[in-house]
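The values are calculated or read from the model by the stated rules, or taken from the named source; none is laboratory data. It should be emphasised that the depicted structure is a prediction, and the values quoted were computed from it without experimental measurement. Cβ: placed from backbone, ideal geometry, glycine included. Neighbour counts: every protein chain shown. All accessible areas refer to the heavy atoms of the entire protein, side chains included, with ligands and DNA or RNA removed. Shrake-Rupley method; radii C 1.70, N 1.55, O 1.52, S 1.80 Å.
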Amino acid sequence: MDGERRPFGVAVEIQWVWQRIYNDLLKFWRAVRGRQAAVGIEVLKGPASYDYIVNHVFGLYREIFREVPVVFCALNAPDIGEAFPRPKPVHHAVDR
């Protein structure tokens, strides 16, 4: 709730691929503009991803999304790749 005890939303995205951050920022922007959320939270894969995204990628877009409060956080576990493996591609046989 905000200072006037009105509920407000929080938009959360989990992103393993830094190239998709721009799409998440657009989602946060739409949510804030539409009064569906007051803040966006971006969960990143690890410290290296966090450093690159916060210090380089977000720096490119900070002025565009200045009205959108964004919280960046990163998971930090040595076995994170095992806990969250990439999905395996599915191949279907096609009869001709």
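Do any residues in segment 7-26 that are closer than 16 Å to Ala38 by Cβ have Cβ atoms under 7 Å from those of residues that are hydroxyl-bearing (Ser, Thr, Tyr), where the two are at least six apart or on different chains, and which pairs are they?
These pairs meet every condition: Leu25/Tyr61.
Looking only at residues in segment 70-96 that are within 30 Å of Gln36 (Cα to Cα) and at pLDDT 60 or above, which one is most open to solvent (accessible area, probe 1.4 Å)?
Taking segment 70-96 first, the residues within 30 Å of Gln36 (Cα to Cα) are 70-76, 84.
Among the residues that remain, those that are also at pLDDT 60 or above are: 70-76.
Working: Val70: 34, Val71: 72, Phe72: 31, Cys73: 51, Ala74: 41, Leu75: 65, Asn76: 126 Å².
So, considering only residues that are within 30 Å of Gln36 (Cα to Cα) and at pLDDT 60 or above, the one most open to solvent (accessible area, probe 1.4 Å) is Asn76.
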